[in-house]
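Chemist: Have a look at this one.
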Amino acid sequence: MADVLKERKIPIAYSLKLQKKPERKKDADASPARLQDEEERLWKEALNGPRKLLDQGVTLAFSSQGLEHPADALDAVALLVEHGLTRDEALAALTTTPAALFGLEA
């Protein structure tokens, strides 16, 4: 859908309320290995989402809606930087991009 978002100039508000990394369990109560693999794949996909959207030219702003603590936003951004965003891209998604979307560039 990134091509459609770019073409129609639809910005994305990417939630910083990220899932915790799935734990690998091997006890009797654990999900089957293939299900645990899928949970980890989906977690990684969510972390790589901002990088992929920006690579496709989609405008990206971060949203802190739903976070329990404001500090969680910075932890989430740091994790996204570990998964491919540059610091400048992350900073822009936190500051200048949302400001521009609301007409508050100054």
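The values are calculated or read from the model by the stated rules, or taken from the named source; none is laboratory data. In this text the structure is predicted, and so the values were computed from the model without any measurement. Don't worry about glycine lacking a Cβ; one is built from the backbone with ideal geometry, like all the others, and counts go over all protein chains shown. Quick note on the areas: whole protein, heavy atoms, side chains included, nothing else; ligands and nucleic acids left out. Shrake-Rupley method; radii C 1.70, N 1.55, O 1.52, S 1.80 Å.
Chemist: Look at the range 65-99 and say how many of its residues are at pLDDT 95 or above, of a type in the set (A, V, I, L, M) and more than 14 Å from the chain's Cα centre (by Cα).
Modeler: 1
Chemist: Being surrounded by 13 or more Cβ atoms within 10 Å (Cβ to Cβ), in a helix (DSSP H, G or I), in contact (Cβ under 8 Å) with a residue 24 or more places away in the chain and in contact with a strand residue (DSSP E or B) (Cβ under 7 Å, 6 or more places away or on another chain): is that true of Leu47 here?
Modeler: Working: surrounded by 13 or more Cβ atoms within 10 Å (Cβ to Cβ): yes; in a helix (DSSP H, G or I): yes; in contact (Cβ under 8 Å) with a residue 24 or more places away in the chain: yes; in contact with a strand residue (DSSP E or B) (Cβ under 7 Å, 6 or more places away or on another chain): no.
No; evaluated as a whole, the condition is false for this residue.
Chemist: Mind listing just one residue for me: the one in the range 1-44 that is assigned to a loop (DSSP other than H, G, I, E, B) and among the basic types (Lys, Arg) and, of those, farthest from Ala99 (Cα to Cα)? So that I can check it myself, show each step before the final result.
Modeler: If we filter the range 1-44 for residues that are assigned to a loop (DSSP other than H, G, I, E, B), which is where we start, we get 1, 8-11, 16-32.
Still in the list and also among the basic types (Lys, Arg): 8-9, 17, 20-21, 24-26.
Values: Arg8: 20, Lys9: 16, Lys17: 20, Lys20: 29, Lys21: 31, Arg24: 40, Lys25: 43, Lys26: 47 Å.
Applying the filter and picking the extreme gives Lys26.
Chemist: Select from the range 1-16 the residues that are more than 14 Å from the chain's Cα centre (by Cα) and of a type outside the set (D, E, K, R) and list them in ascending order. Steps first, please.
Modeler: Within the range 1-16, the subset more than 14 Å from the chain's Cα centre (by Cα) is 1-10.
Residues satisfying the conditions are Met1, Ala2, Val4, Leu5, Ile10.
Chemist: Could you say whether any residue in the range 93-101 is farther than 13 Å from Leu16 by Cβ and in a loop (DSSP other than H, G, I, E, B)? Before you say what the answer is, go through the steps one by one.
Modeler: Restricting attention to the range 93-101, the residues satisfying the condition of being farther than 13 Å from Leu16 by Cβ are 95-97, 99-101.
From the residues that got through so far, the ones that are in a loop (DSSP other than H, G, I, E, B) too are 95.
Yes, the range 93-101 contains at least one residue that is farther than 13 Å from Leu16 by Cβ and in a loop (DSSP other than H, G, I, E, B).
Chemist: Now, a different point. Determine the pairs where a residue that is exposed (fewer than 10 other Cβ atoms within 10 Å of the Cβ), located within the range 2-27, has a partner that is among the aromatic types (Phe, Trp, Tyr) and at pLDDT 90 or above with Cβ atoms under 9 Å apart, the partner being 6 or more residues away or on another chain.
Modeler: Sorted first by the residue in the range 2-27, then by its partner, the pairs are Lys20/Trp43.
Chemist: Just checking, does the range 54-64 include any residue being open to solvent by 100 Å² or more (accessible area, probe 1.4 Å) and either modelled with pLDDT under 95 or touching a Cys at 6+ places or on another chain (Cβ under 9 Å) (or both)?
Modeler: No: zero hits.
Chemist: Let me ask something additional. Which ones in the range 75-106 are open to solvent by 90 Å² or more (accessible area, probe 1.4 Å), more than 22 Å from Arg8 (Cβ to Cβ) and out of contact with any helix residue (DSSP H, G or I) (no Cβ under 9 Å at 6 or more places or on another chain)?
Modeler: Keep residues of the range 75-106 that are open to solvent by 90 Å² or more (accessible area, probe 1.4 Å), which gives 75, 82, 87-88, 91, 102, 104-106.
Pick out the ones that are also more than 22 Å from Arg8 (Cβ to Cβ) and you get 75, 82, 87-88, 91, 104, 106.
Result: Asp75, Asp88.
Chemist: Within the range 42-72, track down each residue that is within 15 Å of Lys20 (Cβ to Cβ) and in contact with a helix residue (DSSP H, G or I) (Cβ under 8 Å, 6 or more places away or on another chain).
Modeler: Leu47, Leu67
Chemist: Quick one: is Asp37 without any contact (Cβ under 8 Å) to a residue 12 or more places away in the chain, surrounded by 12 or more Cβ atoms within 10 Å (Cβ to Cβ), of a type in the set (Asp, Glu) and under 17 Å from Lys17 (Cα atoms)? Reasoning before the result, please.
Modeler: Values: without any contact (Cβ under 8 Å) to a residue 12 or more places away in the chain: yes; surrounded by 12 or more Cβ atoms within 10 Å (Cβ to Cβ): yes; of a type in the set (Asp, Glu): yes; under 17 Å from Lys17 (Cα atoms): no.
It is false that Asp37 is without any contact (Cβ under 8 Å) to a residue 12 or more places away in the chain, surrounded by 12 or more Cβ atoms within 10 Å (Cβ to Cβ), of a type in the set (Asp, Glu) and under 17 Å from Lys17 (Cα atoms).
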